[in-house]
Amino acid sequence: MSFSTPSETIKNQKSSLKKWALVLIIGTLIGIASYFTVFKSQPSTSNDPRKAFATRAMSVSTAPVQQGAIKIFFQGLGTVIPLSNVVVKSRVDGQLMDILFTEGQMVKQGDVLAKIDARSFEVQLKQAQGQLLKDQALLENALIDLKRYEVLLQQDSISKQVLDTQTALVHQYQGTIKVDEASIDSAKLQLDYSTITAPTSGRIGLRLVDKGNMIHASDTTGLAVIAQINPISATFTLPEDKVPAITQALHDTKTLEVEAYDRSDSILIAKGHLASMDNQIDTATGTLKFKAEFDNTENKLFPNQFVNIHLLVTTKQNALYVPSAAIQHGSQGNFVYRVKEDQTVSVQQVKISSTQNGNSIIEEGLNLSDIVVVDGVDKLREGSKVDMNATKETPSKASRTKNDTQK
């Protein structure tokens, strides 16, 4: 059995440490070599999200810039009103004997609507006719006496005063005849008024008085109301800054086309023309009131109906336009994402004159050959690659009847 000295033990420990250090160094070198040979040989995957976003192709929908005639509309909220609203009233007093109309029916001017008890007016007519006959007999007798007095005056049998008195009496009876004839006409007129006729053509409303009631010429409610709806009108307002363009268009074309849409602004109800405009702007709202007129032959417009009015001001020829969905809004104004030949996009500033029927008219910034991104713009940046999976076609004729807003 042998024992090592302390110096030998220390020497052995140092030798062991050197061996382990050498093993660690060799292992480290092997690990570094493996990293460069294995991991660096594979495609690099960057942790920078901006680089990954730029290299990935975004799926978007696009649309080409198109050219065509664009109708420029001004839009306003309107209310349909009848050209005339007439209350049917009695012009004489009496009992309502018969009603000859149906509520809501179309009537023509002169149609018989109701009848009043006419017996009292017939009696008055007969009295006036009888008085006329009586006074005519008095006049005939006075004329006979006048001729007799003229002969006696020539024979110097009576004085001139007697003849003058008889002449005045004849004139008096002639005046009485005139009064009697007027009384007969008045009685006939009252008799005619006992038959109530339509004062105008249109649609008659609900009955306000029932048969059997006493009605008077002084009544304020009347029997019913007739609204003239063929033709019919609609009033609407537009901002004061639109007035110069409208007056210029009226000067150029003399008449402007007007279209009425339903409450949802999607269904065309009727077409008409601008009839008139107010003579002053409302200072409280800064708007001017206009009136449009429609033939309304199919009775699609109804009094007090709410409508969206589209006023055609002009037609812009050869206008460049894109779908309004392609227009983006930034701090520097309106812009679009234009697709370049290398399937990347660039931010293109544009100037828009107006928006009509879902299409925006481009004044500056795009050419007819350009393609813009319509859907998927929220994922794009300058230089982003795109995959045009769908191309949206704008309407071939942008001169539609629908209006969004004039800018």
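The values are calculated or read from the model by the stated rules, or taken from the named source; none is laboratory data. Computed from a predicted structure; not experimentally measured. Note that each Cβ is placed from the backbone with ideal geometry, even for glycine, and that neighbours are counted across all protein chains shown. The area values use the complete protein model at the heavy-atom level, side chains included, leaving out ligands, DNA and RNA. Shrake-Rupley method; radii C 1.70, N 1.55, O 1.52, S 1.80 Å.
Extension gain for Lys254-Glu240 works out to 3.0 nm (0.36 nm per residue, less the C-alpha to C-alpha distance).
With a simple spin-label model that places each label point 7 Å from the Cα along the Cα-to-Cβ direction, the separation between Asn141 and Ile177 comes to 1.6 nm.
Each of Leu208 and Met277 was given a label point 7 Å from its Cα along the Cα-to-Cβ line. The distance between the two points is 3.6 nm. The Stokes-Einstein estimate for the range 90-213, based on a Kirkwood radius over Cα pairs and taken at 10 °C with 1.306 mPa s viscosity, is a diffusion coefficient of 88 µm²/s.
If R0 is taken as 56 Å, the Cβ-Cβ distance between Arg148 and Ala217 corresponds to a FRET efficiency of 0.70.
Keeping all protein chains in place and using 1.4 angstrom, which order do Arg56, Arg207, Arg119 fall into by accessible surface area, from largest down? List each step's numbers first, then the result.
On the way: Arg56 135, Arg207 95, Arg119 160 Å².
Ranking Arg56, Arg207, Arg119 by accessible area, largest first, yields Arg119, Arg56, Arg207.
Note on Asp185/Ser157: beta-carbon distance plugged into 1/(1 + (r/R0)^6) with R0 of 41 Å gives a FRET efficiency of 0.45.
Quick check: from the Cα gyration tensor, does the range 82-123 come out rounded (a/c under 1.5), prolate or oblate?
Details: a/c = 2.71, a/b = 1.97, b/c = 1.37.
Taking the square roots of the gyration eigenvalues as a ≥ b ≥ c, the range 82-123 is prolate.
Using the per-residue mean of other Cβ atoms lying within 10 Å as a proxy for protection, in what order, highest first, do the peptides 358-366, 140-148 fall?
Numbers: 358-366: 19.0, 140-148: 13.4.
Ranking, from highest mean packing down: 358-366, 140-148.
Take the range 90-213 with all the other protein chains still there, run a 1.4 Å probe, and you get 63 Å² of accessible area per residue.
Taking a quarter of the surface of the Cα convex hull of the range 145-276 gives a mean projected area of 20.1 nm². Candidates Thr195, Ala128, Leu153 compared by Cα position along the dipole of the range 123-204: farthest toward the positive end lies Thr195, with charges placed on Cβ.
How much FRET efficiency would the formula 1/(1 + (r/R0)^6) give for Phe302 and Gln95, where r is the Cβ-Cβ distance and R0 is 35 Å, rounded to 0.05?
The pair Phe302/Gln95 has a calculated efficiency of 0.55.
Counted by Cβ distance under 15 Å from Leu163, the other residues give a net charge of -1, where Lys and Arg count +1 and Asp and Glu count -1. Between Glu382 and Val87, the distance separating the two model label sites (each 7 Å from Cα on the Cα→Cβ line) works out to 7.2 nm.
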